[in-house]
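Enquirer: Would you mind keeping the following structure in view while I ask a few things?
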Amino acid sequence: MQLVPIDDPSDPRIAAYRDIRERDLVGRQGRFIAEGKVVLETLLASSRFEAESVMVLQSRLAGLSEILAKAPSGLPVYVVAGPVMDEVAGFPVHRGILAIGRRPPVTDAGRLLASLPTRAFALVLVGISNHDNIGSIFRNAAAFGADAIFLDRTCCDPLYRKAIRVSTGSVLRVPYAIFDDSAAFAGILAENGFESFALSPRGAADIRNIRPGKRTALFLGTEGTGLPRTLLERMNTLRIAMTDGFDSLNVAAASAIVLHHLYQGD
C-alpha cells in the first residue's frame, strides 16, 4: 500500500469520495463505496472485487495495520483529518474508513447457475427495492451458507452504499447475478435440478415440515404485494407459522428464519 497524507478537501486525488450521498443517486461510473473496517477487510480479501483506493482518518490508521497489510502493492491509502473527510463526503463519516471499489462485469445468471455445486442452495429475489432489506438478506445468506443469490431487474442494486454497509460486506462475499423474467428463470432452475419454494403468508406448507433436497431455491418477494400469483401457482409455497391475527414479517427477518431452518451446515 501507499500512504498518502491529504490536507486539502479539494485535492483531485480524493475527488471520487466527494458528495457521497448525491452520487448514491446519480451513480459512480463503475465504482462503489465501501464503509467501515469489516467491509474494507472483505473488499481487500475478495477475489471478485478490486479496491481502487482507501480514505481513512489519521486516528483510525493504527488500528487498520493488519487489514491494510493485505492491500495490493501500490494501493493508495489517503490519510486525512476528520474535517477533511466530512467536507469531502458531505456528512460526518463516523466510522472514519471509506474505500472505492470497482464493479466487475455483470455476472450472467445462467453462468452462475452452472457453476454451483451438486448440492446447492440459492435465494431468488423478486421486486425487492429496499436497500436495507437487500443488505440484510445478503448478510443472512452469508450466515447460513447460501451458495448464490439471483435478483430480478426490479430489485435494487446490491452494490448501493447502504446495502453493502447493512450487509456488513456480505454483498462482496455471496455470488449474485441478475435475471430478466422470474417465470422463465424458475423454469431454468427446474432444468438444472432445483426444487423451488416460494415464501408467502398464505403458503401451503409450514416451513417446519420442509427439508431441503440436494438443490433448493427459495423465492422471496417484496413486502405488501409479495410474489406474483403466476409464480406462486407453479411452485411449492411455504409459510412461517405465527400468532393468530398476524400473518407477515419484514422480508429480511423472514429470510433469516427460513434460512436458519433450511441450513444444513458443513
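Enquirer: Of the residues that make up region 72-94, is at least one on the phi < 0 side of the Ramachandran plot, surrounded by fewer than 16 Cβ atoms within 10 Å (Cβ to Cβ) and of a type in the set (A, V, I, L, M)?
Expert: Yes, some residue in region 72-94 is on the phi < 0 side of the Ramachandran plot, surrounded by fewer than 16 Cβ atoms within 10 Å (Cβ to Cβ) and of a type in the set (A, V, I, L, M).
So that you can scan it fast, the table gives a plain yes or no per residue for (1) more than 27 Å from ILE33 (Cβ to Cβ); (2) crowded, with 21+ Cβ neighbours inside 10 Å; (3) not assigned by TED's automatic domain parsing to the domain that holds ALA256:
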residue	(1), (2), (3)
ASN133	no, yes, no
ARG165	no, no, no
VAL171	no, yes, no
ALA184	yes, no, no
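Enquirer: Does THR154 satisfy the criteria of being assigned to a loop (DSSP other than H, G, I, E, B) and either over 22 Å from VAL258 (Cβ atoms) or within 9 Å of the chain's Cα centre (by Cα) (or both)?
Expert: no
Enquirer: Something else now. Name the single residue that is surrounded by the fewest Cβ atoms within 10 Å (Cβ to Cβ) among those in region 136-158 being out of contact with any strand residue (DSSP E or B) (no Cβ under 6 Å at 6 or more places or on another chain), on the phi < 0 side of the Ramachandran plot and in contact (Cβ under 8 Å) with a residue 60 or more places away in the chain.
Expert: ALA143
The values are calculated or read from the model by the stated rules, or taken from the named source; none is laboratory data. Model, not experiment: these values are computed from the prediction. We place every Cβ from the backbone using ideal geometry, glycine too, and count neighbours over all the protein chains shown.
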